[in-house]
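Data first, discussion second: the structure below is written as structure tokens.
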Amino acid sequence: ANWLFNNQLVDTLEIFWQQKAVREAEFAQLKDKYKASEYAETSVSSPLYQILKNLDADMQLSESELNWLEEYQLSETLSIILEIEQTRHFAELKVKYKATQSEDLSRSSHLYKVLKKIDLDNQLGEQDINFLKKRKLTETITLALDKFAAILKFQIQSGEPLSEADLDWVKQNGRDDVITFAIENYVVDLKIKIQLGEHLSEADIDWLKQ
């Protein structure tokens, strides 16, 4: 700006000041929108200006940007970001688990909780299944059941016994394929034991008879 003034480029300098005023007005609006007005700096050279612009453009903020907001204790802005991230996450889960026919995007929605359970590899209880059935989210139910059945099969293959809760889930949801997989897997283990010259236990023989 000083160089423009010294070289009498008044018209160019005027454009510069106009653009600066527009950016500063935008910065003020963004600070108000994202509850960052307590940050007194008005210069658009502040990192906050670019952070808020990225946020307004629906771009995911980097870890360093989030750390900057934490450092300057802009807790309300961080809360808004958390809400935006959760809403985005909910939308992604709806696509991933075929639940897009539901228009609900509220973070407090029970659907969001159910989809998070599926994504975290947790089994769905009867209430959750009924909740999805009432909303005719049959594809979501199928994906959830298939995913948890695959987890149980991996558990069986790793040599971990199924819990009573797991067995109840298998029975309630008619997943005979898990039982079949468990039986076949155990038979293979017994055959290996025999091939190695080991004796079968009474429990193994009783199991075979059953």
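Taking θ as phi - 60° and the Karplus parameters 6.51, -1.76 and 1.60, the scalar couplings of region 138-154 work out to 5, 5, 5, 4, 4, 4, 5, 5, 4, 5, 6, 4, 5, 5, 5, 5, 5 Hz in sequence order, x denoting glycine and proline.
Distance distribution note for region 105-191: the fraction of Cα pairs above 16 angstrom is 55%. With r as the distance between the Cβ atoms of Asp56 and Glu139 and R0 = 41 Å, compute the FRET efficiency 1/(1 + (r/R0)^6) and round to 0.05. E(calc), rounded to 0.05, equals 0.75.
Phe16: net charge of surrounding residues, Cβ under 14 Å, Lys/Arg +1, Asp/Glu -1, itself excluded? Mind showing how you got there, number by number?
Values: positive: Lys20, Arg23; negative: Asp11, Glu14, Glu24.
Charge balance in the 14 Å sphere: -1.
Each of Phe131, Leu74, Phe90 was scored by the projection of its Cα onto the charge dipole of region 40-145, and the greatest displacement toward the positive side belongs to Phe131; charges sit on the C-beta of Lys, Arg, Asp and Glu.
Cα-based values for region 43-164, radius of gyration first and Dmax second, are 19.3, 63 Å. Between Glu202 and Ser158, the modelled labels are 3.3 nm apart [label points 7 Å from Cα along Cα→Cβ].
3J(HN,Hα) along region 98-113: 6, 10, 6, 5, 7, 8, 5, 10, 6, 5, 8, 4, 5, 4, 4, 5 Hz, from the Karplus curve 6.51 cos²θ - 1.76 cosθ + 1.60 with θ = phi - 60°, whole Hz, x for Gly and Pro.
Solvent-accessible area per residue in region 48-172 equals 61 Å², computed with a 1.4 angstrom probe and all protein chains kept.
List the relative contact order of the chain as a percent without decimals, with contacts defined as Cα pairs under 8 Å and 6+ residues apart.
The normalised contact order for the chain reaches 10 percent.
Backbone geometry of region 180-193 corresponds, through the Karplus equation with coefficients 6.51, -1.76 and 1.60 at θ = phi - 60°, to 3J(HN,Hα) couplings of 4, 4, 5, 4, 4, 5, 6, 4, 4, 4, 5, 5, 5, 4 Hz, x marking Gly and Pro. What is the diffusion coefficient of region 5-58 in µm²/s, taking the Kirkwood radius over Cα pairs and the Stokes-Einstein relation at 20 °C with a viscosity of 1.002 mPa s? This corresponds to a translational diffusion coefficient of 175 µm²/s. Assign one of three labels to region 164-206, namely rounded, prolate or oblate, based on the Cα gyration tensor with a ≥ b ≥ c the square roots of its eigenvalues; rounded applies when a/c is under 1.5, prolate when it is not and a/b is larger than b/c, and oblate otherwise. It comes out prolate by the Cα gyration axes. The C-alpha atoms of the chain occupy a region whose extents along the principal axes are 101, 44, 27 Å, arranged from largest to smallest. Note on the chain: with neighbouring protein chains present and a 1.4 Å probe, carbon and sulfur make up 52 percent of its accessible heavy-atom surface.
The values are calculated or read from the model by the stated rules, or taken from the named source; none is laboratory data. Keep in mind that this is a model prediction, so the values were computed, not measured. Every residue, glycine among them, receives a Cβ derived from its backbone with ideal geometry; neighbour counts consider all protein chains shown. We work out accessible area using only protein heavy atoms, side chains counted, and drop any ligands, DNA or RNA first. Shrake-Rupley method; radii C 1.70, N 1.55, O 1.52, S 1.80 Å.
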